[in-house]
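Undergrad: My structure is below; once you've seen it, I'll send some questions.
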Amino acid sequence: MTASAKANSFIFVDLEDVFDAVPEKTFTDYCHLTPKGNEVIAERLYKAIAPALTSHLIEAAGTQVLPATRSLPN
């Protein structure tokens, strides 16, 4: 799977062990996640794709992208 992703310029994120170290309940049934389950997956995906997104934004802007210093209004 990773070779195919790499050959097609995709990022492959292996989630097989994503819940191994999480003591909280992560599923409500056999396929639906709890809020904690969603959070754990979101964190793993973010760590995997953030460098690629940042790199792409820098390349597209032709400059450095700085992190936001203020939160957005509700």
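Undergrad: Among (1) modelled with pLDDT under 95; (2) part of a helix (DSSP H, G or I); (3) under 17 Å from the mean Cα position of the chain (by Cα), where does ASP14 come up short?
TA: (2)
Undergrad: All but one of (1) loosely packed, with under 10 Cβ neighbours inside 10 Å; (2) modelled with pLDDT of 90 or more hold for ARG70; state the number of the condition that does not hold.
TA: (2)
Undergrad: Residues in the stretch 18-29: is at least one part of a loop (DSSP other than H, G, I, E, B), among the hydrophobic types (A, V, I, L, M, F, W, C), without any contact (Cβ under 8 Å) to a residue 60 or more places away in the chain and loosely packed, with under 12 Cβ neighbours inside 10 Å? Outline the logic, then answer.
TA: First pass over the stretch 18-29, keeping only residues part of a loop (DSSP other than H, G, I, E, B): 18-26, 28-29.
In the following step, the residues that additionally are among the hydrophobic types (A, V, I, L, M, F, W, C) were identified as 18-19, 21-22.
Checking which are without any contact (Cβ under 8 Å) to a residue 60 or more places away in the chain leaves us with 18-19, 21-22.
Right, trim to loosely packed, with under 12 Cβ neighbours inside 10 Å and you get 21.
The answer is yes, given that some residue of the stretch 18-29 is part of a loop (DSSP other than H, G, I, E, B), among the hydrophobic types (A, V, I, L, M, F, W, C), without any contact (Cβ under 8 Å) to a residue 60 or more places away in the chain and loosely packed, with under 12 Cβ neighbours inside 10 Å.
Undergrad: State the number of residues belonging to the stretch 1-11 that are polar (S, T, N, Q) and assigned to a loop (DSSP other than H, G, I, E, B).
TA: 2
Undergrad: Kindly indicate whether GLU39 is modelled with pLDDT of 80 or more, more than 19 Å from ILE11 (Cα to Cα) and either surrounded by fewer than 13 Cβ atoms within 10 Å (Cβ to Cβ) or in contact with a Lys or Arg (Cβ under 7 Å, 6 or more places away or on another chain) (or both). Steps first, please.
TA: Values: modelled with pLDDT of 80 or more: yes; more than 19 Å from ILE11 (Cα to Cα): yes; either surrounded by fewer than 13 Cβ atoms within 10 Å (Cβ to Cβ) or in contact with a Lys or Arg (Cβ under 7 Å, 6 or more places away or on another chain) (or both): no.
Spelling it out, it is not the case that GLU39 is modelled with pLDDT of 80 or more, more than 19 Å from ILE11 (Cα to Cα) and either surrounded by fewer than 13 Cβ atoms within 10 Å (Cβ to Cβ) or in contact with a Lys or Arg (Cβ under 7 Å, 6 or more places away or on another chain) (or both).
The values are calculated or read from the model by the stated rules, or taken from the named source; none is laboratory data. In this text, all values refer to a predicted model and were calculated from it rather than measured experimentally. Note that we place each Cβ from the backbone using ideal geometry, even for glycine, and neighbour counts take in every protein chain shown.
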